[in-house]
Amino acid sequence: MTIATPYQPVDAMSLWWLGDPETPTLIGHLQFVATMRGVSLRYDANWLRQGFALSEDLPLLDNAISEHSLFGLTRAEAAKEIALVARCVDGWEAHFTAAGVSSSDLSQLRAQLDRPFLRDQRLQVVEW
């Protein structure tokens, strides 16, 4: 008789959409963020191509840009504004370090501002 290895929790897991259980679709990967006692989601590239955000706090860039007229902007103007904000946010750590923010506070900020999904999305825009 073999004894099964006891379950060992891990800090990461995959998130699947089961609208059609015969063909599950990978949404992305969840990662435990110990400093914030929460999780971050990194959307899978195939899911991103479908253009469907799971919630308002995890928007896709195309969804955000599509609302350009609500702000009186053209699509191109909205893309420029988003890129400007992304470049500013991308320099957050150097700015905060120069301002004397403690390393423990920087660590907490990094856990939020550089979550995989947000950082990847920001870097994608910075490259525009």
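Considering only residues in the range 1-25 that are in a loop (DSSP other than H, G, I, E, B) and hydroxyl-bearing (Ser, Thr, Tyr), the one that is nearest to Ala53 (Cα to Cα) turns out to be Thr23. For first residues located in the range 41-61 and farther than 17 Å from Gln31 by Cα, partners that are at pLDDT below 65 and lie 6+ apart or on another chain with Cβ distances below 6 Å form the pairs Ala53/Pro59. Screening Val85, Val125 for residues that are crowded, with 16+ Cβ neighbours inside 10 Å and within 25 Å of Asp44 (Cα to Cα) leaves exactly one candidate, Val125.
Among the residues of the range 60-80, which ones are exposed (fewer than 14 other Cβ atoms within 10 Å of the Cβ) and either among the acidic types (Asp, Glu) or in a helix (DSSP H, G or I) (or both)? Passing the criteria: Asp62, Asn63, Glu67, Ser69, Leu70, Phe71, Arg75, Ala76, Glu77, Lys80.
Taking Glu67, is it over 24 Å from Val10 (Cβ atoms) and either at pLDDT 85 or above or touching a Ser or Thr at 6+ places or on another chain (Cβ under 6 Å) (or both)? In short, no.
The values are calculated or read from the model by the stated rules, or taken from the named source; none is laboratory data. Computed from a predicted structure; not experimentally measured. Here the Cβ is made from the backbone with ideal geometry for all residues, glycine too, and neighbour counts use every protein chain on show.
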